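See structure below.
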Amino acid sequence: MQNEWFRRSRFGKAFLSLSAGLALAIAAGMLVPSEVGTASALPQLASAERTADAGVIPASGTFAPVVKKASPAVVSIRSERTAKATNMPEGMPFFFRSPRGQMPERRQEGLGSGVIVTSDGTILTNHHVVDGADEVTVLFSDERELTAEVVGSDKKTDIAVLRVDAEGLPTVPLGNADTVEVGDVVLAIGNPLGVGQTVTMGIVGATGREFGITGGGYEDFIQTDAAINPGNSGGALVNARGELVGINTAIVSRSGGNDGLGFAVPVNLAHHVMTQLVENGRVVRGYMGVGIQDVSAKMAKTLDLPDSKGAVITRVEEDGPADEAGFEAYDVVRRIDGKPVDGMRDLRLRIANVAPGERVGVTVLRDGRERDLSIELGELPGEEPVRQAKAESSNALVGVAVEDLTPEIAEQLGLSGDVEGVVVSRVKPGSPAAEAGLRRGDVIQEVGRRPVTSAAEFRQAMEDADDAALLMVWSRGGSRLVVIEG
């Protein structure tokens, strides 16, 4: 009976869905995720000076005071997305004329965790926790539930930033991942498998891990054996002082659960991405315009290098920043602004974290001699804005998703050519909009007496609406007024 209850419960369904995804990834031998505006001044990282008590067991022998301090700032995140039925034929029209007049849909729910970093509602989590979500809900330790806005999300580092409308929230202080050492004691806090907030302990097993899970080449994971399971994604990895040093992100597992190989995005990298998303709505990365690879022992011997440190340039993009600065193929980058470069990953991360337009000094080895070059970095191509447009709002129109009214959709709905507006693609059951009678297939012509002819105009009108909104809606061959109160 208990197994049947869990299987039918909300968390049980989510867990079974997550487990299925994990099993597929494990069968393929992949590394899998561990789960399937302007904010106030963002917090700063702790000093880069390592303190003696940051990674050791307290003299008292208990972490209870640390947990009491950090755990209130760790939240659970529920993401919901709508997926079309997988057995629907290709080319199915927007408005499938089923007996109820609506296209069959199914709701998918994901569970994850997050970390509050500002008292007025800025939350760090993973990109894969909220990716594609129609609605994101944050569950706090005091049992409150608030709808969150996705400020921005960066797939290349698997970091996302959320915002909720709240004040006086508990926060966790940011540590400094540069001071983390192998052997340090760390605690993982999150909501594994949907059982509720859980704390596990382990040590740092390695730093600077890269596995290609994000596909962006900007991984710098902290590895730990602190137990991390599905649902921990986006949660906190804290040191013995209760400072955030990482965002729990992924596991390597043959069983689908914790096998002692968990990975967290270092807080320094997460902080950099968070700042970019809040200030720019996207992550802007520096760019040299070169192809690079690590220096192998054989290559070092062939190139007459003293060791295999650094990264060798294999290609220089014509008319790119490196070309203009005088870089050449076979140059080996040894230092950036006087600091040694360990290898390809180190070079890529450090250049990416420099703002485009800034100039850096680069020391290379060329034909056995060191040369000092200066390069003004460009912007990495293809870095499109990643701020997620809000298909739903936190005001009176929460629960409504729309899309542009194209001629094809108008034909499917049987609309005359003079009907303009946006078509309702989804209404959340039980929402104020649903209670007011708004239905999928309705055409919203005006919001607050302002005509709307695109989804973008609709979203702007939603932003301007207060606690109530007056809509002009075309439905069943005629227009009607709908008032939705928040």
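Just so you know, all these numbers are worked out from the coordinates, no wet-lab data involved. Predicted model only: the values in this text are computed from it and were never measured. Neighbour counts run over all protein chains shown; Cβ positions are idealised from the backbone, glycine included.
So here's what we get for this one:
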| read-out | value |
| --- | --- |
| Kirkwood estimate for the range 400-485, i.e. one over the average of 1/r between Cα atoms, Å | 12.7 Å |
| Inter-label distance, nm, simple model (7 Å from Cα along the C-beta direction), Asp418/Glu403 | 2.8 nm |
| Förster radius 30 Å - calculated FRET efficiency between Tyr330 and Ala206 (Cβ-Cβ, nearest 0.05) | 0.45 |
| The range 286-379 shape via C-alpha gyration tensor axes, a/c threshold 1.5 | prolate |
| Candidate aspartates and glutamates - alpha carbon under 13 Å from Lys68, same-chain residues fewer than 8 apart omitted | Glu243 |
| FRET efficiency estimate (nearest 0.05) - Cβ-Cβ, Leu42 to Glu145, R0 30 angstrom | 0.75 |
| Simple label model, 7 Å out from Cα along Cβ direction - Asn280 to Arg476, nm | 5.1 nm |
| Karplus (6.51, -1.76, 1.60) ³J(HN,Hα), θ = phi - 60°, over the range 184-195, in Hz, Gly and Pro reported as x | 4, 7, 9, 10, 9, 10, x, 10, x, 6, x, 7 |
| Residue-by-residue Karplus 3J(HN,Hα) for the range 472-480, coefficients 6.51, -1.76, 1.60, Hz, glycine and proline x | 9, 10, 8, 8, 6, x, x, 9, 8 |
| Under Karplus coefficients 6.51, -1.76 and 1.60, residue-wise ³J(HN,Hα) of the range 417-428 in Hz, glycine/proline x | x, 8, 7, 10, x, 10, 9, 6, 9, 7, 10, 5 |
| Under-5 Å amide H pairs with Val295, H placed in peptide plane, nonlocal only | Val312, Met344 |
| Highest-first arrangement of 323-334, 51-62, 120-131, 247-258, where packing means the average Cβ count within 10 Å | 120-131, 247-258, 323-334, 51-62 |
| Long-range amide H partners of Ala227 with built H, under 5 Å | Met201 |
| Amide H partners (placed H, <5 Å) of Val245, local residues excluded | Gly175, Leu237, Val238, Asn239 |
